[in-house]
1. When you count, for each residue, the other Cβ atoms within 10 Å and take the mean per peptide, how do 252-265, 16-29 rank with the highest first?
2. Which order do the peptides 114-121, 277-284 take when ranked by the mean count of other beta-carbon atoms within 10 Å per residue, highest first?
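We did not get these values from a lab; they are worked out from the coordinates using the rules stated. What you see is a predicted model, and the numbers here were worked out from it, not measured in a lab. Cβ placement follows ideal geometry from the backbone for every residue including glycine, while neighbour counts extend to all protein chains displayed.
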């Protein structure tokens with residue numbers, strides 16, 4: 001019986017090698033493959049296949065761009081044959097992570113929904129907590145997701161509420177009493193950046209200084225991070241956006257005239273576990289772009305299809 005068993009294992013491996021090479025920009029091909037037989041469906045449904053498929057294709061393919069202009073209805077530009085369902089029913093796009101898009105009612109900011117453009121599934125959330133201006137962002141583990149709602153006001157300080165799709169309600173996870181942080185101002189057009197297990201937001205504090213608001217999803221703590229000195233103020237001709245590095249760390253990009261300055265948070269030169277900003281690269285855009293004034297588009301919300309990383 002050993003020989004037939006070995007042959008079956010070899011067949012499984014051959015099938016998996018074939019399935020790994022299905023184009024990631026055509027999710028329907030995976031669905032069609034799952035309908036071929038029980039063996040293929042079992043391989044595709046395995047958690048090991050998800051990880052290997054993601055590693056094999058590295059970065060997920062870009063399937064489309066969501067373009068938001070103020071509170072107007074978002075516009076869509078697709079880059080493949082894939083067409084999302086219910087796309088035009090989106091409200092104002094607030095954020096996007098791991099293939100899900102968070103949108104907010106253009107007139108009532110407490111009404112939100114989370115949309116998966118691949119499956120077409122849309123979940124309308126229960127009303128957000130009563131609070132002042134605050135952006136919300138999403139994070140996911142593949143099945144469930146979180147929506148983080150941060151409120152900041154001069155009178156009540158800073159509060160953080162988290163909505164869990166698994167629990168189905170909002171919960172207060174951090175408050176001014178627990179984590180005293182001076183109030184700050186949010187720009188509704190800014191998106192959050194997920195680096196490691198923390199969400200990062202660009203905020204404005206006293207004297208028009210720009211800082212980073214960090215919310216740790218693991219410890220449920222909120223804190224502030226200083227930007228590089230040259231990025232602490234934004235003015236005409238200078239724009240700063242948060243990014244995530246190729247290794248999952250926090251970075252930032254600063255556009256000044258035609259030069260793009262890239263920074264990342266790294267361990268300090270003293271070897272201690274203290275993160276410091278280090279400039280990694282300067283890109284001269286005049287040699288790469290047409291002779292127009294470049295602009296860092298903070299209002300472009302890009303979504304792509306991938307098998308999301310597990311988050312626990």
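1. Highest to lowest by the protection proxy: 252-265, 16-29.
2. 114-121, 277-284
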